[in-house]
Amino acid sequence: MAGSGEVARHWRYAELPEVDLLRARYVRKTFVRHTHEHFVIAAIADGVEVFHHRGSDQYAGAGALALVNPDTPHTGRAGVPEGWRYGAVYPSPEVVAAIAAETTTLKGAPGFVSPVLDDPYAAALVHRVLRAADEGDALAADTLLRVAVTRLLRLNGGPAPQRAVRTAGGRIAARARAVLEERMTGPPTLEHLAQDLGTSPFALLRAFRDAYGMPPHTWLTDARVRRARRLLDTGIPPAEAAVAVGFTDQPHLNRHFTRIVGVPPGAYQRGRQDAGQHRDVVEPEDVRERKNVQDVRRRLLLPSDGWQNRQLGQDKWHRQRARTQDPAGEADRTPLSYGTPSASASPSDSPDSPSG
């Protein structure tokens, strides 16, 4: 895939604990149905991403954000022939809840209401978080992340949706999930699992889909990849992690891991091992020029109530101003970010991210 122009880098920055980072450009890449333990906040820089979410296809183009709550099944693919390029942050539910408690009036566990939000300003904040992490600027990365999450929750936040398990079918699905978690390396057949739970195979299949948004075998693959990620985070080699979670060998893990996470397990693990380091970023000339135009947007970083309220009120003005100065929309376009060729598992030595 390296020759196709598809690149991806998935990593962590030590000064942003419990937050995964991603920069990628995909053309033919297709993400199978999967979930994340963390929130997905993906800012589209170019092209269009299409992802199936809660029963329908969602489209996110340049300047928009794809927003997915934890444990919500979704897919991903290109919506145009040239694919899509984006930067994403994946904060844990605890990180988002702490920010929400401090800066919003949301009660309970917070979540996103709409899976797509057209907000170039928030998208630019996400790209700037990635740039700050790359440059080793801990203060900026932490500040910008908090500002971005606060803004998104105020524009598009609400109580986190909950899947009901109160019905008989929901209780059967929960029991089936517990069995699969316990027997991940040697799961039963659908028929045997149904018999053990006192139901029929198709009744179990329907109940599991209703409860978790995917059939048991798809959920099991997703759960195996999740567990493999935790093992890789501790430094266990990919070959050992593969067998430990029930895959037959490392190529088996590689195939499913890449289809869900977006990078091979080796590249993913190196991104963890390099968490305490930062890379020098060479800023393209057109990005430096855009900074001169957009410096006014970067003066206030702390998510105070007054600042956020002013920014929300000025959204329309900012967009009208941008269209007047740049009717072709070039100021919202950013140069191709560098990263790991998505099938090569070799991180680039010169990553870059859109600065917005």
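The values are calculated or read from the model by the stated rules, or taken from the named source; none is laboratory data. What you see is a predicted model, and the numbers here were worked out from it, not measured in a lab. Quick reminder, even Gly has a Cβ in these numbers, built from the backbone with ideal geometry, and neighbours come from all protein chains shown. Ligands, DNA and RNA are stripped out before the accessible areas are found, and what is left, the full protein with its side chains, is counted by its heavy atoms. Shrake-Rupley method; radii C 1.70, N 1.55, O 1.52, S 1.80 Å.
To the nearest 20 debye, what charge dipole does region 1-94 have about its Cα centre, counting +1 at the Cβ of each Lys and Arg and -1 at the Cβ of each Asp and Glu? Spell out each step's value before the answer.
Details: 10 positive and 11 negative charges, 76 e Å.
That gives region 1-94 a dipole magnitude of about 360 debye.
Based on the mean of other Cβ atoms within 10 Å per residue, sort peptides 209-215, 7-13, 266-272 so the most packed one is first. Intermediate results must be reported in sequence, preceding the final value.
Values: 209-215: 18.1, 7-13: 25.1, 266-272: 21.7.
In descending order of packing, they fall as 7-13, 266-272, 209-215.
Under 5 Å between amide H atoms, partner at least 5 residues away or on a different chain: which partners does residue 136 have, H built in plane at 1.01 Å?
Amide H neighbours of residue 136: 279.
Using per-residue counts of other Cβ atoms within 10 Å, averaged over each peptide, order 173-184, 108-119 from highest down.
Details: 173-184: 16.4, 108-119: 18.3.
Taking the mean over residues of other Cβ atoms within 10 Å, the ranking is 108-119, 173-184.
Compute the distribution of all C-alpha to C-alpha distances in region 1-87, in bins of 10 Å from 0, and list the percent of pairs in each, rounded to whole numbers.
Reading the bins upward from 0: 17, 50, 29, 3.
May I ask you to give the solvent-accessible area per residue for region 2-125, in square angstrom, as obtained with a 1.4 angstrom probe? Provide the component values of the computation, followed by the final result.
Details: 4270 Å² over 124 residues.
That works out to 34 Å² for each residue.
As an exercise, use a Förster radius of 45 Å and the Cβ-Cβ distance of residue 182 and residue 30 to find the FRET efficiency, rounded to the nearest 0.05. Mind dumping the intermediate values first?
Values: r = 31 Å, r/R0 = 0.69.
According to the calculation, E is roughly 0.90.
Which one, 22, 36, 7, is farthest towards the positive end of the dipole of region 1-47 when Lys and Arg carry +1 and Asp and Glu -1 on their Cβ?
Checked the options; the winner is 7.
Can you give me the long-range amide H partners of residue 109? Hydrogens built in the peptide plane at 1.01 Å from N, cutoff under 5 Å, separation of 5 or more residues or another chain.
Close amide H contacts, sequence-distant or interchain: 160.
Residue by residue through region 46-55, what is 3J(HN,Hα) from phi via Karplus (6.51 cos²θ - 1.76 cosθ + 1.60, θ = phi - 60°)? Round to whole Hz and write x for glycine and proline.
Those phi angles translate into 8, x, 9, 9, 10, 9, 7, 8, 6, x Hz.
Could you give P(r) for region 191-236, binned at 5 Å from zero, as whole percent values over all Cα-Cα pairs?
Once binned at 5 Å, the Cα pair distances of region 191-236 give 5, 22, 19, 19, 12, 10, 8, 4, 0.
For residue 37 and residue 233 in the same chain, what is the full-extension length gain: residue separation times 0.36 nm, less their Cα-Cα distance, in nm? Write out the running numbers ahead of the final one.
On the way: separation 196, 0.36 × 196 = 70.56 nm, distance 1.45 nm.
69.1 nm is the gain from fully extending residue 37 to residue 233.
Among rounded, prolate and oblate, which fits region 1-44 when a ≥ b ≥ c are the square roots of the eigenvalues of its C-alpha gyration tensor, a/c under 1.5 means rounded, and a/b larger than b/c means prolate? The partial results should precede the final answer.
On the way: a/c = 2.60, a/b = 1.52, b/c = 1.71.
Note, shape of region 1-44 comes out oblate.
Dipole magnitude of region 114-154 about its Cα centre, charges +1 at Lys/Arg Cβ and -1 at Asp/Glu Cβ only, in debye to the nearest 20?
Values: 5 positive and 6 negative charges, 36 e Å.
Charge dipole of region 114-154: 180 debye, to the nearest 20.
Relative to the Cα centre, what is the charge dipole magnitude of region 106-230, using +1 at the beta carbon of each Lys and Arg, -1 at the beta carbon of each Asp and Glu, and rounding to the nearest 20 debye?
360
Would you work out if region 65-137 is rounded, prolate or oblate? Take a ≥ b ≥ c from the square roots of the eigenvalues of the alpha-carbon gyration tensor; rounded if a/c is under 1.5, else prolate when a/b is larger than b/c, oblate otherwise. Walk me through the intermediate numbers first.
Numbers: a/c = 2.01, a/b = 1.27, b/c = 1.58.
Oblate, since a/c reaches 1.5 and b/c is not below a/b.
So what's the net charge close to residue 264: Lys and Arg +1, Asp and Glu -1, counting the other residues with Cβ under 11 Å from its Cβ? The partial results should precede the final answer.
Working: positive: 255, 259, 270; negative: none.
Local charge sum for residue 264: +3.
Hey, what do the phi angles of region 218-228 turn into as Karplus ³J(HN,Hα) couplings, whole Hz, using 6.51/-1.76/1.60 and θ = phi - 60°, x for Gly and Pro?
5, 4, 5, 4, 4, 5, 5, 5, 4, 5, 4
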